[in-house]
Amino acid sequence: MLLSIVVLKNALKNRELSNIILISIASSISLFGTSIYNFAIGLYVLKITGSGLSFATTLALSILSTILINPFAGVLADRLDKKVLAVITDLLNGLLLIGLYLLTKGQPLNLLMIYVSTFFLNVFTAIYGISIEAAKTNLVSEKRLISMNSISKVIESIASILGPVIGGIVFAFLDIRIFIIINGISFCISALLQLLIDFRFNYNNDGENKEKINFITDIIDGINYLRTRKNILNMFGVYVALNFFIGLSITVPMPYIINNVLKLNAKFFGIIEGAFPIGMIFGALMIKKIMSQYSCDKIVRSSSILVSVCMIAIGISVILHNRVYNEIFYLIYFILIMILTGVAISSIDIPIFYILQQSIPEKFRGRVFSIGISIAKIVLPVALIIAGALINLIPTYILPIIGGVGLCIFSMKKL
């Protein structure tokens with residue numbers, strides 16, 4: 001115990017290592033808090049209304065608010081002090097939830113309160129996320145940037161696994177109001193941690209933006225900058241295409257194939273879904289060593305092809321179904337597919353964001369990130385709608401195979 005305390009004290013004396021530790025803890029609080037809240041509050045809405053539409057509205061608000069605010073968040077990240085922005089948004093999330101708790105002491109938690117709090121919680125979290133993403137190159141040296149990106153991906157993956165699990169536990173065993181106040185206090189603690197982070201450890205002043213904020217003009221400037229940088233545009237193109245083809249060929253077809261075509265045990269689907277973030281964690285842990293041996297372009301191209309192969313393999317399972325039927329075989333088959341897909345996604349995301357962090361100057365970084373991420377978030381629902389419309393009209397193996405081939409062709413042309 002004493003040794004652990006000594007190690008922690010020494011780590012905190014090292015500004016760079018201290019930045020990594022503090023930002024990891026703060027980001028964990030923000031990501032887990034938002035993820036758990038969105039899931040638990042969604043279940044609460046379902047319980048009090050019994051309406052699937054109300055439940056879906058709560059989930060949709062969390063996505064819609066992020067898409068709407070991202071471009072403006074990028075402008076704020078470029079124009080304002082990123083540390084101040086990170087602290088304020090975490091503090092606002094904390095005050096929002098504490099205020100919601102105090103409000104519900106005099107009256108029951110109702111739908112309007114839930115919708116408003118969900119919207120603003122995700123707005124503040126989106127601004128926080130863009131600010132931190134744009135600030136990462138300032139927090140650590142170049143040699144530690146890959147490690148920071150990998151840690152962020154691990155935190156994101158663990159949050160995606162445990163968020164719904166903890167959200168379900170919170171809903172089952174805790175008064176939702178108690179969880180709200182705990183979550184609010186956690187966000188305030190995260191804001192305090194942000195105050196201890198040195199946001200100028202590796203700061204490069206390549207032309208700070210001192211002009212008055214004009215959101216429309218600033219967003220257009222970011223778009224114009226992006227359009228003139230082919231290498232950056234290609235990287236974002238792969239990221240956007242990946243989101244589209246995953247929605248088209250995995251997110252909708254895979255559950256349909258597993259549950260409606262192969263008719264596997266319902267418990268198996270949860271196990272298969274859990275394999276994906278586990279694969280992402282493996283990928284995040286391995287990527288630094290891989291990047292020391294191969295170029296980023298080669299890693300992204302190879303990983304994109306691996307995702308393509310996994311998509312095609314999902315389609316092939318339907319063809320195999322006519323000849324082989326063994327539930328355990330398909331369980332292992334889909335677990336392997338999802339682990340490999342998770343590894344590949346991490347091996348695409350981390351190098352792409354590393355290249356972007358290195359390539360985009362400080363004064364444009366927030367806007368360019370926010371624009372690219374917004375486009376990726378917009379194309380995903382489009383892909384889901386297309387897949388949902390086609391899944392009952394064409395043979396189920398067609399969508400995964402078409403998506404896999406499409407992603408492979410796109411990646412070969414762009415990289």
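The values are calculated or read from the model by the stated rules, or taken from the named source; none is laboratory data. This is a predicted model, so every value here is computed, not measured. Positions of Cβ are backbone-derived with ideal geometry, glycine not excepted, and every protein chain shown enters the neighbour counts. To get the accessible areas, we keep the full protein, side chains included, count just its heavy atoms, and leave off ligands, DNA and RNA. Shrake-Rupley method; radii C 1.70, N 1.55, O 1.52, S 1.80 Å.
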Margin query: Yes or no: region 298-307 includes at least one residue that is of a type in the set (Gly, Ala, Ser), touching a residue at least 40 places away in the same chain (Cβ under 8 Å), open to solvent by less than 20 Å² (accessible area, probe 1.4 Å) and farther than 17 Å from Val261 by Cβ.
Written below: yes
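Per-residue answers, yes or no, for (1) modelled with pLDDT of 85 or more; (2) open to solvent by less than 30 Å² (accessible area, probe 1.4 Å); (3) among the acidic types (Asp, Glu):
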residue	(1), (2), (3)
Leu102	yes, no, no
Leu111	yes, no, no
Asn122	yes, yes, no
Glu133	yes, no, yes
Arg144	yes, no, no
Ile158	no, no, no
Ile161	no, no, no
Ser190	yes, yes, no
Next item on the list: Just give me the residues in region 270-297 being buried (at least 17 other Cβ atoms within 10 Å of the Cβ), of a type in the set (A, V, I, L, M, F, W, C) and farther than 25 Å from Lys413 by Cβ, in sequence order.
Entry: Ile272, Ala275, Phe276, Ile278, Met280, Ile281, Phe282, Ala284
Note to self: Out of the residues in region 350-390 meeting the condition of being charged (D, E, K, R) and open to solvent by 20 Å² or more (accessible area, probe 1.4 Å), tell me which one is farthest from Val300 (Cα to Cα).
What the structure shows: Lys363
Checklist line | Members of region 81-100 that are over 23 Å from the mean Cα position of the chain (by Cα) and either open to solvent by less than 50 Å² (accessible area, probe 1.4 Å) or without any contact (Cβ under 8 Å) to a residue 40 or more places away in the chain (or both) | finding: Ile98, Gly99, Leu100
